[in-house]
Amino acid sequence: MADALLARIRATADRWRRCPTCGGWWSRRVLEPCWTCPGCASPFRMSARRRIALLVDAGTFVEHDATLRPGDPLRFTDRVPYPTRYEQARARTGLSEAAVLGTAGIGGTRVALVVLDFDFMGGSMGVVVGEKVARGAEIASAERIPLLTVSASGGGRMQEGVLALQQGAKTAAAIRSLRDAGIPYISVLTDPVLGGVHVSFSSAGDVVIAEDGARAGFAGRRVIEQTSGQQLPPEFQSASFLLRHGHVDSVATRPELPRVLRRLVSYAGTRVAPPTVEPAPAPAMPPCDEDIDPWEAVRRVRATHRPRLRHYLDAMFTDVFELHGDRRSGEDPVVFGGFARLHGEAVVVIGHDRITCGPPEGRNNGMTRPSGYRKATRLMVLAARWGLPVVTLVDTPGAHPGAGSERANQSEAIAETMITVAGLATPVVCAVIGEGGSGGALALSIGDRLLMQQNATYSIISPEGCAAILFSDSAKAPDAARALGLRAVDLRRHGVVDEVVAEPPGGAHTDPARAADLLRHALRRHLDELRARPVRTIVAARARRLRALGRDWCLPGDDVTGPVDREGDRRELVR
Ligand SMILES: [Zn+2]
């Protein structure tokens, strides 16, 4: 009886898998197709073939270079010769290498795809894995389709020595060529991604998604603990760690991953094109009647009930996909960035995510840190590479002043954002929706168009700051507000603002849905105008626009007499 039972267990053992996290036993049938524990939701390690089946449209995967295999350049032997170890891995996985290369459809969009398999020698990158990544990039470039990689790797393959190490350089160069050609690259990190694979291509996606349960970094936990003699916290290098430190754009559970990739690939498949859909007629504008006192404008724009970025994201855009992190030092939640659709057209939205009521939750009331500007810069470059216009929504009292921000070089972060916009090869439309405070606002308010909501303000300094410095009395803030010319109407008069977007009578808060409607139509109109032009023309016009800022107020004067050799400078100044 017992023997019969044992025999039956043996016969079915192949159909059962034990969860490495909770220890529960599950049949393979239950685990398909996600291979995620029904008990504790932990993802099981997944083969490349199962991964591909999970992620791509059924029946669309075509494998390339399926039989490519490595030589044995070093005639390497550890406990067994490399060729023997290779054959063992081949027999165990049914693969000829640790990477599977091919093309497939994802949500109907064709992509080039490289998926690593950890079960094949720890997903290690040798000459063939490097070759498949490079060929994947070449297929993507040749067909002008996105590249997707899904990584699971312990690093470089020691058995191939420096030739394996150098695959890092080969794949990095492949990613560089994708960037130069404007080909979107999406990288998915799973458990684990370390060393050679992470220092080259997997960390360098335009968009990097960490699967929940992923661990990724340069050195593995054990190495760091041995080197430093410190015990690392359990969440070190986890997906949430990577998100919090700005290394990845988003975290997705394995069951969510197919849908996340379909969305990303759909943005990657669109490029700036002349508008295809006739815009709906704009809603009738309420008259910009109110000539409100500038101090009243400041009070209104700071009021807790004024609609903020999150309202406009919900009300004006669809299909919003948030992206995180500057990839270097952190993630600043004050700067929102992500893909979205405006009237159905894909754009990249960047804006100040200001919370004025309730706990600030680290949002500093809209004061941006250097990592926020660096995220904005990164996403602007991403937008141009993917051929998507940029929309910015400005609402900040100013950039974050603080020791940490200084240490991280706040000034350079703001400067680099502006330098990036100055030559960005895609349309950029900015709208001030609240407080446009100083350098913090400046960085996100330069582009091809600057719109301003009727009750928004835009100023070189807060009225309080101006009053304290120039009026020697911060109680004179109302006077300072009147002197600064910070209202939308004042700025339109000075040609700083291209369009004042009407708000419902009494202000945006009286009818937030209508306020969003008015702004959405204005944005759409300007984007359509820009889309109809070649990008080259847009960039040249932007350069002229930036060059002309304030030039009309550089007056020749008649009392300046200077040495002859300064005449040239003066002529340059007044031209
Ligand atoms: Zn489990």
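Applying the set (1) within 16 Å of the ligand (Cβ to nearest atom); (2) over 30 Å from Ala239 (Cα atoms) to Arg8 leaves exactly one unmet item: (1). In a residue-by-residue description of segment 458-478, the property of being touching a Lys or Arg at 6+ places or on another chain (Cβ under 8 Å) and assigned to a helix (DSSP H, G or I) applies to at least one position. Of the candidates Asp14, Asp72, the single residue that is exposed (fewer than 12 other Cβ atoms within 10 Å of the Cβ) and either more than 16 Å from the ligand (Cβ to nearest atom) or outside the structural domain of Ala252 (by TED's automatic domain parsing) (or both) is Asp14.
Does Pro33 meet the test of being more than 16 Å from the ligand (Cβ to nearest atom) and assigned by TED's automatic domain parsing to the domain that holds Ser151? Steps first, answer last, please.
Numbers: more than 16 Å from the ligand (Cβ to nearest atom): yes; assigned by TED's automatic domain parsing to the domain that holds Ser151: no.
The answer is no for Pro33.
Take Pro20 and decide whether it is more than 16 Å from the ligand (Cβ to nearest atom), at pLDDT below 95 and under 30 Å from Leu148 (Cβ atoms). Spelling it out, it is not the case that Pro20 is more than 16 Å from the ligand (Cβ to nearest atom), at pLDDT below 95 and under 30 Å from Leu148 (Cβ atoms).
Checked against (1) at pLDDT below 95; (2) surrounded by fewer than 16 Cβ atoms within 10 Å (Cβ to Cβ); (3) more than 28 Å from His526 (Cβ to Cβ), Pro283 passes all but a single condition, namely (3).
One residue stands out in segment 36-69 among those that are among the hydroxyl-bearing types (Ser, Thr, Tyr) and within 25 Å of Val133 (Cβ to Cβ): the one that is nearest to the ligand (Cβ to nearest atom), namely Ser47.
Is segment 75-93 home to any residue that is under 36 Å from the mean Cα position of the chain (by Cα), in the same structural domain as Tyr185 (by TED's automatic domain parsing) and among the aromatic types (Phe, Trp, Tyr)?
At the first step, the residues of segment 75-93 found to be under 36 Å from the mean Cα position of the chain (by Cα) are 93.
This time we only want the ones that are in the same structural domain as Tyr185 (by TED's automatic domain parsing), so: 93.
Of the ones still in play, those that are also among the aromatic types (Phe, Trp, Tyr) are none.
No, because not a single residue in segment 75-93 is under 36 Å from the mean Cα position of the chain (by Cα), in the same structural domain as Tyr185 (by TED's automatic domain parsing) and among the aromatic types (Phe, Trp, Tyr).
The condition (being loosely packed, with under 12 Cβ neighbours inside 10 Å and either in contact (Cβ under 8 Å) with a residue 60 or more places away in the chain or not in a strand (DSSP E or B) (or both)) is satisfied by just one residue among Ala7, Ala89, Ala41: Ala7. Of all residue pairs spaced 6 or more apart or on separate chains, those with beta-carbon atoms under 7 Å, a first member in segment 17-30 that is in a strand (DSSP E or B) and a second member that is within 9 Å of the ligand (Cβ to nearest atom) and not basic (Lys, Arg) are Arg17/Trp26; Arg17/Phe44; Trp26/Cys19; Trp26/Cys37; Trp26/Pro38.
Out of all the residues in segment 403-445, which are of a type in the set (Gly, Ala, Ser), closer than 21 Å to Leu484 by Cα and part of a helix (DSSP H, G or I)? Outline the logic, then answer.
First, pick out the residues of segment 403-445 that are of a type in the set (Gly, Ala, Ser): 403-405, 408, 411, 413, 415, 422-423, 425, 431, 434, 436-441, 443, 445.
Still in the running and closer than 21 Å to Leu484 by Cα: 431, 434, 436-441, 443, 445.
Correct list: Ser438, Gly439, Gly440, Ala441.
All told, Arg90 meets the bar of being out of contact with any helix residue (DSSP H, G or I) (no Cβ under 6 Å at 6 or more places or on another chain) and away from the ligand (no atom under 16 Å from the Cβ). Whether any residue in segment 414-433 is among the acidic types (Asp, Glu) and surrounded by 24 or more Cβ atoms within 10 Å (Cβ to Cβ) is what I want to check. No.
Is it true that some residue in segment 193-210 is of a type in the set (Asp, Glu), touching a helix residue (DSSP H, G or I) at 6+ places or on another chain (Cβ under 7 Å), within 19 Å of Tyr267 (Cβ to Cβ) and part of a loop (DSSP other than H, G, I, E, B)? Let's see the steps before the verdict.
In the first step, residues of segment 193-210 are kept if they are of a type in the set (Asp, Glu); the result is 206.
Checking which are touching a helix residue (DSSP H, G or I) at 6+ places or on another chain (Cβ under 7 Å) leaves us with 206.
Filter once more, so that each one left must be within 19 Å of Tyr267 (Cβ to Cβ): 206.
From what is left, the residues that are part of a loop (DSSP other than H, G, I, E, B) are 206.
Within segment 193-210 (the criterion being of a type in the set (Asp, Glu), touching a helix residue (DSSP H, G or I) at 6+ places or on another chain (Cβ under 7 Å), within 19 Å of Tyr267 (Cβ to Cβ) and part of a loop (DSSP other than H, G, I, E, B)), the answer is yes, since at least one residue qualifies.
The values are calculated or read from the model by the stated rules, or taken from the named source; none is laboratory data. Bear in mind the structure is a predicted one, so any value in this text is a computation, not a measurement. Every residue, glycine as well, gets a Cβ built from its backbone with ideal geometry; the counts of neighbours run over all protein chains shown.
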